[in-house]
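The structure appears below as structure tokens.
The values are calculated or read from the model by the stated rules, or taken from the named source; none is laboratory data. All figures in this text were calculated on a predicted structure; none of them were measured in a lab. Glycine gets a Cβ as well: all are built from the backbone with ideal geometry, and neighbour counts include every protein chain shown. Each accessible area value is taken on the protein alone, full model and side chains, heavy atoms only, with ligands, DNA and RNA left out. Shrake-Rupley method; radii C 1.70, N 1.55, O 1.52, S 1.80 Å.
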Amino acid sequence: MSDMGSTQGFSQSVPEDAPIVAFDFDGTLTIRDSFTAFLRWRAGAGAWALGLVKMAPAVATYAHDRDRGRIKAASVKEFLGGVARAELETEAARFADEVWSSFMRPDALKMWNGWGERGAHRVIVTASPALTVAPFARKLGAEALLGTHLEFDSEDRITGRFTTPNCRAAEKVLRLKAAYGEDVRIAAAYGDTSGDAEMIAMAQEKGFRVFTGRP
């Protein structure tokens, strides 16, 4: 089972003539990587440090293969393995509430809200797990959320694997086309890393590292 249910309340149905605008999440709408921050917040200082030590082999492998999906899966297994879906959803919502005021870029929020006032269909496209980003997306009033999906076992506990490819680089384009059709037109796209390049390239308005504000 996957965490597809975490995107309940979002819709990929686009009103006629509404522009589709895509935003990366981590580093674009936020000042730092949200998933790493969530894992550290949830674990606490001691467990976080111990977990990083235990992840040393995975980190060494990443230094050679640069496989972001693999290192992310290793962190999920180490810090979230066996956690129940309901527990994780509750904690993700509490995390979003606690860090919101110190986490979101004010200039990015201004652009986000401006597109909303223009009737745009705003979709967050993120490599982070959809389940942990969903509380932020709901607070933002996002129309849609596309992210990496966690795998859950028959008891609804995290396995440490994903049911989708890591949602970055070309995968972001594939996910947008799967959601909105092969001929989708993106009015604007915003991101801050090489993992957003393909998504930005397909947009009419290309926003790369345009947000620098801090709370």
Distance between modelled label sites at SER154 and ARG214, nm, 7 Å Cα→Cβ extension: 5.1
Helical contribution to [θ] at 222 nm, DSSP H n ≥ 4, -39,500 (n - 2.57), averaged over the chain, rounded to 500: -15000 deg cm²/dmol
Cα centroid of segment 20-60 to Cα centroid of segment 163-215, whole Å: 21
Descending semi-axes in Å of segment 98-201, equivalent ellipsoid built from Cα gyration tensor: 24, 19, 13
Calculated from backbone phi, Karplus (6.51, -1.76, 1.60) coupling profile of segment 78-90 in Hz, x at Gly/Pro: 5, 9, 10, x, x, 6, 6, 3, 4, 5, 5, 4, 5
Size of charge dipole - the chain - debye, nearest 20, with Cβ of Lys, Arg +1 and Asp, Glu -1, no other charges: 560
Computed log₁₀ I(q)/I(0) - Debye formula, equal Cα scatterers, no solvent, segment 1-160, q 0.08, 0.18 Å⁻¹: -0.25, -1.15
Degrees, to the nearest 10: 130-140 long Cα axis against longest axis of the chain: 40
Radius ratio Rg over Rh of segment 25-116, counting only Cα atoms, Kirkwood formula for Rh: 1.03
Burial ranking of peptide ranges 14-21, 155-162 (average Cβ count within 10 Å, highest at the top): 155-162, 14-21
Surface per residue (accessible, 1.4 Å probe) for the chain, Å²: 47
FRET efficiency, 1/(1 + (r/R0)^6) with R0 30 Å, evaluated for ARG66 and GLU205 via beta carbons: 0.50
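What is the gain in length, in nm to one decimal, between ALA187 and GLU16 on full extension, counting 0.36 nm per residue of separation less the C-alpha to C-alpha distance?
On the way: separation 171, 0.36 × 171 = 61.56 nm, distance 1.38 nm.
Gain in length upon complete extension: 60.2 nm.
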Efficiency of FRET between ARG161 and THR36 - r from beta-carbon atoms, R0 22 angstrom, step 0.05: 0.70
In Hz, Karplus ³J(HN,Hα) per residue of segment 46-54 (6.51, -1.76, 1.60; θ = phi - 60°; x = Gly, Pro): x, 5, 5, 4, 5, x, 5, 4, 5
Heavy-atom accessible surface of the chain: percent carbon and sulfur, 1.4 Å: 51
